[in-house]
Structure formats: structure tokens, C-alpha cells
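Rule-based calculations on the coordinates, nothing more; no lab input. This one's a predicted model, so the numbers in the text were calculated from it and none came from an experiment. Positions of Cβ are backbone-derived with ideal geometry, glycine not excepted, and every protein chain shown enters the neighbour counts.
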Amino acid sequence: MIGQALAGLAGEIAHPLLLRLDPETAHRASIAALKFMPPFDCQASDPRLTTQAFGLTFPNPLGLAAGYDKGGEAPDALLRLGFGFVEIGTITPLPQPGNPRPRLFRLPADEGVINRLGFNSEGHGPPHARLLARRARPGIVGVNVGANKNSVDRAADYVAGVAAFADVASYFTINISSPNTPGLRDLQQAAALDDLLARVLDARDAAAQSHGRKPVLLKIAPDLALGDLDDIVRVSRARRIDGLIVSNTTVTRPETLRETTAAKETGGLSGKPLFNLSTRMLAAAYLRVEGRFPLVGAGGVDGVATAYAKIEAGASLVQLYSSLVYKGPGLARGIARGLAECAARAGDAHIMDAVGRKAGDWARG
């Protein structure tokens, strides 16, 4: 407990200093600092928060979304911050630098972030070696896989990711919704998606003989037309994937944004401005999935109220990332405590009792 308190204090002191740095420099500095976090035992989760989803048991439903720890450098330290699971990546088969800097922009007045990183990645090798070294440790660590920018067969890149990480991943996320790789979102179209999922699931099943069956989730965009969402859900149900993550960043710019200069930057917008759009899409997906598989709600989660709203809109699990930029490293543990209190106030025996309770309201806007 002493080590945990000291680590938390150090993080709160360092957080304002990081905000003075260039966003990408601050990001790298925070990853470096996490590597030196002293080990300590995680607090036992409230039993009302233990969540069963796609064959895994999560100590609480709050996860760190992909994009923060792209190379799997600090998943154990992140789990000790109070997250119930951590997702690393996006990881492409071959190393690639991503887009030129600057490519990461804060919108402080809106508590938002715009990124056009473009799947900057070390390739499969270094992240796999890091996950292999921590394989015996507890904690759920998912791997978000993507395709190289210049790949001639992007579906093959996803297959390669599943094959490469099958021995170390708790689950896989198939990221076809980043707006920063030209043409990537075309894989959300029905025919392309059906081919992709068929190949990915075949690779997963082949690897299961040696490494066990790993859940496969699909991460979709918040900007879809409802007809396109219908197609994605239809194909996903037919292919019997394990879950959907709703959603990635948006290419839209709400009129309410106050950081008008930064808002002109190209890239995906995340953080608080994404909350309403992504939550409406989550609820719409929940109603269409009809309980066939669980959903992960991402986009704009910055506290207890928004995390609980995602659950009531249909999420069995919730992810955040951008809000860490503004709220600091104590955010996850505070949200977890607050979710348990939400369940108690609602008279629910478990947080899962709230899943989808207000999906109809959210879907109607």
C-alpha cells in the first residue's frame, strides 16, 4: 500500500509537468516513467465489478484503450494503476514510422485530442518479445493488430498479427477503423469485412490448437451510417466474432469545439467531444447485436458518470485513453470505485445488471 501511494503521488506531481511538453514528447516521457514504477500489489476489486466477457474474467470493466502503450512497454504498470485490462498496439507486421510530426494535438478547452499518428509501429518483433517476457504474470493484456500502410494484402497483415501474438495475447482487436491510414476504413464494407473476418478467424482457430482459443474483437468507427452498421453487425454475427469495440476516433468536428485552430488539424478526434457520438453508436450496435456478443464502449470516457453511461448504453466493458492526458494517472482507480457506488445506488447486485438499461434512449438521441 505504501508503494502504491508513493507511485500515485509521484504520478500526480509529474502530470502537470507533462502537460507543458509537446504532446508526443510527453507521451514518451510518461511511458518511460511507468517502466520505473515500483511494484506493488493491486487492490482487490470490488466483487460487484468482476465482469465476464468473451470467455475472460475481468477484475473490473475499465480498460486502457490501444494507442497509449503501442509497443507493450508497460502493461503491468498500467494494470497497477487500477485498469481491469490493458490493450496494446496498434501493431503492424513490419516497422513503420507513421505520419510526420507534429501529429498529436491537444484541445485543452475541449478536453480532446486529435491524432494522425498513422500506425507508427516497431513491427511484430519487439512487442512480442516484451509480452513473452511477462507471460507468466497475471492480468489481461489484449493486442490490437493493424495493417502496414503500403501492404498489398491488408487482410494478410491482420492474419499475420493473430498468428504472431497467439501465444501471448489475452484477446485480439482487429483495428479497421483508424482514419489515419488511407483506405483502411474501406475494410468495414460488408464484402471486404466478411473476407477479412473469415481469414482472421481461421488463423485464430489454427493457433488455438497450440495456444488456446483467443477472443477476436472488431473495432469500428463512430462515423458510420446506420445502414453500414447494419452490415457490420450482420457480418459479425454470421462470422460469430467475440465482440465489438465501439468506437475509434471521429473525423467529424462538433460545432461546440472551442479550440477552433487545433480543430482544423486533420486526424481522428478523441476525448470528451467524442462521447455523445460514440455512445449513440454503441447503443445502436447493442440493439442490433441482440446479446449475441458483448460490446466494449470507448470514446469520451473521463469519469464515473461517462463510464456508467457507456454501460447503460450497452457496454459490458469500457475503455479510455485521451482523458488520462487531462485527468492524470489516478483516474482509473477513481472510476472503478465510483462504478461500484453506482451499482449500490441503483440497487444492483452487480455492475453487469446495468448493461443496456438505457440503450433505447441513447439510440434515439
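As an exercise, use a Förster radius of 30 Å and the Cβ-Cβ distance of ALA206 and GLU290 to find the FRET efficiency, rounded to the nearest 0.05.
0.55
Taking other Cβ within 10 Å of each residue's Cβ, how do ARG333, ARG253 sort, fewest first?
ARG253, ARG333
Mean residue ellipticity at 222 nm from the helices of the chain, using -39,500 (n - 2.57) per DSSP H segment of n ≥ 4 over the full residue count, to the nearest 500 deg cm²/dmol?
My calculation for the chain gives -12000 deg cm²/dmol from helical runs alone.
Taking the simple approach of a point 7 Å from Cα along Cα-to-Cβ for both ARG213 and ALA136, what is their distance in nm?
2.9 nm
Roughly how big is the stretch 15-134's charge dipole about its Cα centre, with Cβ charges of +1 (Lys, Arg) and -1 (Asp, Glu), in debye to the nearest 20?
240 debye
Within the chain, what's the longest run with no GluC sites (Glu not before Pro) in a DSSP loop and at most 15 other beta-carbon atoms within 10 Å? Give the range, please. Please report the intermediate quantities before stating the final value.
On the way: sites that count: GLU255, GLU290.
Counting at most 15 other Cβ atoms within 10 Å as exposed, the longest clean stretch of the chain is 1-254.
Would you mind ranking ILE335, ILE241 so that the residue whose beta carbon has the fewest other beta carbons within 10 Å leads the list?
Lowest to highest Cβ neighbour count: ILE241, ILE335.
How many angstrom lie between the C-alpha centres of the stretch 76-96 and the stretch 233-249?
What the calculation gives is 21 Å, centre to centre.
Along the charge dipole of the stretch 46-363, which of THR50, ILE351, GLY334 sits closest to the positive end, that is, farthest toward it, with unit charges on the beta carbon of Lys, Arg, Asp and Glu (+1, +1, -1, -1)?
Value computed over the given set: GLY334.
Farthest toward the dipole's positive end in the stretch 46-363, which of THR173, LEU79, ALA190, given Cβ charges of +1 (Lys, Arg) and -1 (Asp, Glu) about the Cα centre?
Working it through, the farthest residue towards the positive pole turns out to be LEU79.
Among GLY314, PRO100, ILE220, whose Cα sits farthest toward the positive end of the charge dipole of the stretch 46-363 (+1 at Cβ of Lys/Arg, -1 at Cβ of Asp/Glu, about the Cα centre)?
PRO100
In debye, nearest 20, what is the charge dipole magnitude of the stretch 46-363 about its Cα centre with +1 on Lys and Arg Cβ and -1 on Asp and Glu Cβ, if you could check?
On the way: 37 positive and 31 negative charges, 90 e Å.
Roughly 440 debye, rounded to the nearest 20.
Among the complete DSSP H segments of the chain, which ones combine at least 20 Å of alpha-carbon extent along their axis with a mean Kyte-Doolittle hydropathy of 0.5 or more?
2-18, 275-289
Whole Å is fine, so just give me how far the alpha carbon centre of the stretch 334-365 lies from that of the stretch 106-129.
30 Å
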